[in-house]
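> Let me give you the structure first, and then I'll get to my questions.
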Amino acid sequence: MTTAAATRELQTSHAVLMVRPAHFAANAETAGSNHFQRHAGGGVEVAARAAREFDALAVALAAAGVRVHAFAGRTDEALPDEVFPNNWLSLHADGTAVLYPMLAPSRRRERRADVLDALRSEHGYRISRVLDLTTLETGGGFLEGTGSVVLDRTNRVAYACLSPRTRPNSLAAFGRELGYDTLSFDAADAQGRSIYHTNVLLSIGTRFAALCTRALGADRLRVLDRLEASGREIVDLTFEQLAAFAGNLLELRGRGSVIALSRTAFGSLGAAQRRTLEAHGELVIADVGTIESYGGGSVRCMLAEVALPRAPDPERATP
């Protein structure tokens, strides 16, 4: 086990990693398990709209004081889902970078060593270990980053709804290596279909958790009890709000607490739910409707938190 368990980790990060999509479109390989993808195909105009949505979100986060590390997408091949980097990479306070096993072969090509190199050399972060879980792909042991696992970082609990993209053996490996307790459960949408990623139904902030409890079935009380034991206020979401990506939000740290979510998600919330979230942070709202409709993911899916420590500055080192 890594020393991560001994490293104090805040729930929220000051920085995020984003990848500006070069060839955004609906991915036919992922549509079978992602029922949030509402449109097929793509084209030049769809890709251009997605790029504009990406830019607007990055600008809004930066304006709220969040450090945004935006990387250009790859132009040498079509990677329709590269706008969702949190599925192949997570970055932790002990200096660990985790590479994840992904179901769709096209998505495995999103993993980029140059991104890790740039975080070290250009942005001054320390990466002391790369935990490569990608070998689990050969046995069908998929675990798609912080799409599959939603982390209570302060209490070191990893929540995961099981699906074709989130398998128990890989979840267990993550828990062992990172020093997390794991809590797995089944979840289904209003039509009884398995929910592909945990982060569309659950978001955990510092003092709140947004959750579609109706999706949990028999596991509802077990999950709720664990969340409530952590002292968090529960924002309970309906199936309609789940479908509008209201669970796919993320708390970050800018000038203060920042809660990033899409315009679709915000529009689905009731007045009381909005007030609850506003009590926990500044809402940063971005229109990512094209990315939601064609990609099947929303704002949280577009953000990989950078919780890495800073590397020592050699110019400040004691002779």
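The values are calculated or read from the model by the stated rules, or taken from the named source; none is laboratory data. Owing to the predicted nature of the structure, the values given are computational and were not obtained by experimental measurement. Backbone-built Cβ (ideal geometry, glycine too); neighbour counts: all protein chains shown.
> Can you name every residue in the stretch 43-73 that is on the phi > 0 side of the Ramachandran plot and touching a residue at least 24 places away in the same chain (Cβ under 8 Å)? Steps first, please.
Here is the first cut: in the stretch 43-73, the residues on the phi > 0 side of the Ramachandran plot are 43, 65.
G65, the sole residue that qualifies.
> In the set I259, I234, which member is more than 17 Å from the chain's Cα centre (by Cα) and of a type in the set (V, I, T)?
Details: I259 fails: more than 17 Å from the chain's Cα centre (by Cα).
I234 is the lone residue from the list that is more than 17 Å from the chain's Cα centre (by Cα) and of a type in the set (V, I, T).
> Name the residues in the stretch 159-170 that are without any contact (Cβ under 8 Å) to a residue 40 or more places away in the chain and surrounded by fewer than 22 Cβ atoms within 10 Å (Cβ to Cβ), would you? Quick ask: steps written out before the conclusion?
Taking the stretch 159-170 first, the residues without any contact (Cβ under 8 Å) to a residue 40 or more places away in the chain are 160, 162, 166-169.
Answer for the stretch 159-170, where residues must be without any contact (Cβ under 8 Å) to a residue 40 or more places away in the chain and surrounded by fewer than 22 Cβ atoms within 10 Å (Cβ to Cβ): L162, P168, N169.
> Within the stretch 12-29, can one find any residue that is surrounded by 19 or more Cβ atoms within 10 Å (Cβ to Cβ), in a helix (DSSP H, G or I), touching a strand residue (DSSP E or B) at 6+ places or on another chain (Cβ under 9 Å) and not small (G, A, S)?
Taking every residue of the stretch 12-29 in turn, none turns out to be surrounded by 19 or more Cβ atoms within 10 Å (Cβ to Cβ), in a helix (DSSP H, G or I), touching a strand residue (DSSP E or B) at 6+ places or on another chain (Cβ under 9 Å) and not small (G, A, S).
> Kindly list the number of the only condition in (1) crowded, with 21+ Cβ neighbours inside 10 Å; (2) modelled with pLDDT of 95 or more that fails for F36.
So the condition that F36 fails would be (2).
> If S106 meets every condition in (1) small (G, A, S); (2) out of contact with any helix residue (DSSP H, G or I) (no Cβ under 9 Å at 6 or more places or on another chain); (3) modelled with pLDDT of 95 or more apart from one, which number is that one?
If we test S106 against (1) small (G, A, S); (2) out of contact with any helix residue (DSSP H, G or I) (no Cβ under 9 Å at 6 or more places or on another chain); (3) modelled with pLDDT of 95 or more, just (3) comes out false.
> Hey, L277 hits all of (1) loosely packed, with under 15 Cβ neighbours inside 10 Å; (2) hydrophobic (A, V, I, L, M, F, W, C); (3) part of a helix (DSSP H, G or I) but one; which does it fall short on?
L277 satisfies all of (1) loosely packed, with under 15 Cβ neighbours inside 10 Å; (2) hydrophobic (A, V, I, L, M, F, W, C); (3) part of a helix (DSSP H, G or I) except (1).
> Just to be sure, is T290 in a helix (DSSP H, G or I), touching a Lys or Arg at 6+ places or on another chain (Cβ under 8 Å) and at pLDDT 95 or above?
Details: in a helix (DSSP H, G or I): yes; touching a Lys or Arg at 6+ places or on another chain (Cβ under 8 Å): yes; at pLDDT 95 or above: yes.
Taking the combined requirement at face value, the residue satisfies it.
> What about G231, is it surrounded by fewer than 18 Cβ atoms within 10 Å (Cβ to Cβ), at pLDDT 95 or above and part of a loop (DSSP other than H, G, I, E, B)?
Numbers: surrounded by fewer than 18 Cβ atoms within 10 Å (Cβ to Cβ): yes; at pLDDT 95 or above: yes; part of a loop (DSSP other than H, G, I, E, B): yes.
So G231 fits the description; yes.
> For D76, only one of the following conditions fails: (1) surrounded by fewer than 18 Cβ atoms within 10 Å (Cβ to Cβ); (2) in contact (Cβ under 8 Å) with a residue 40 or more places away in the chain; (3) not in a strand (DSSP E or B). What is its number?
Among (1) surrounded by fewer than 18 Cβ atoms within 10 Å (Cβ to Cβ); (2) in contact (Cβ under 8 Å) with a residue 40 or more places away in the chain; (3) not in a strand (DSSP E or B), the lone unmet condition for D76 is (2).
> Only one of (1) more than 17 Å from the chain's Cα centre (by Cα); (2) polar (S, T, N, Q); (3) within 22 Å of V258 (Cβ to Cβ) is not met by S121, so which one is it?
Failing condition for S121: (3).
> If you don't mind, there's one more thing I want to ask. Please find, among R120, R111, the residue that is touching a Leu at 6+ places or on another chain (Cβ under 8 Å) and either of a type in the set (S, T, N, Q) or more than 17 Å from L250 (Cβ to Cβ) (or both).
On the way: R120 fails: touching a Leu at 6+ places or on another chain (Cβ under 8 Å).
Only one candidate qualifies: R111.
> Consider the stretch 79-90. How many of its residues are part of a helix (DSSP H, G or I) and in contact with a strand residue (DSSP E or B) (Cβ under 8 Å, 6 or more places away or on another chain)? Reasoning before the result, please.
Looking only at the stretch 79-90, we keep the residues that are part of a helix (DSSP H, G or I), and these are 85-87.
Now narrow it down to the ones that are in contact with a strand residue (DSSP E or B) (Cβ under 8 Å, 6 or more places away or on another chain): 85-86.
Here the count works out to 2.
> Those residues that are outside any strand (DSSP E or B) and buried (at least 21 other Cβ atoms within 10 Å of the Cβ), I need them from the stretch 192-222; list them, please. Quick ask: steps written out before the conclusion?
If we filter the stretch 192-222 for residues that are outside any strand (DSSP E or B), which is where we start, we get 192-193, 195-201, 205-207, 212-222.
Of everything in the stretch 192-222, those that are outside any strand (DSSP E or B) and buried (at least 21 other Cβ atoms within 10 Å of the Cβ) turn out to be I195, Y196, H197, T198, N199, V200, L201, G205, C212, A215, L216.
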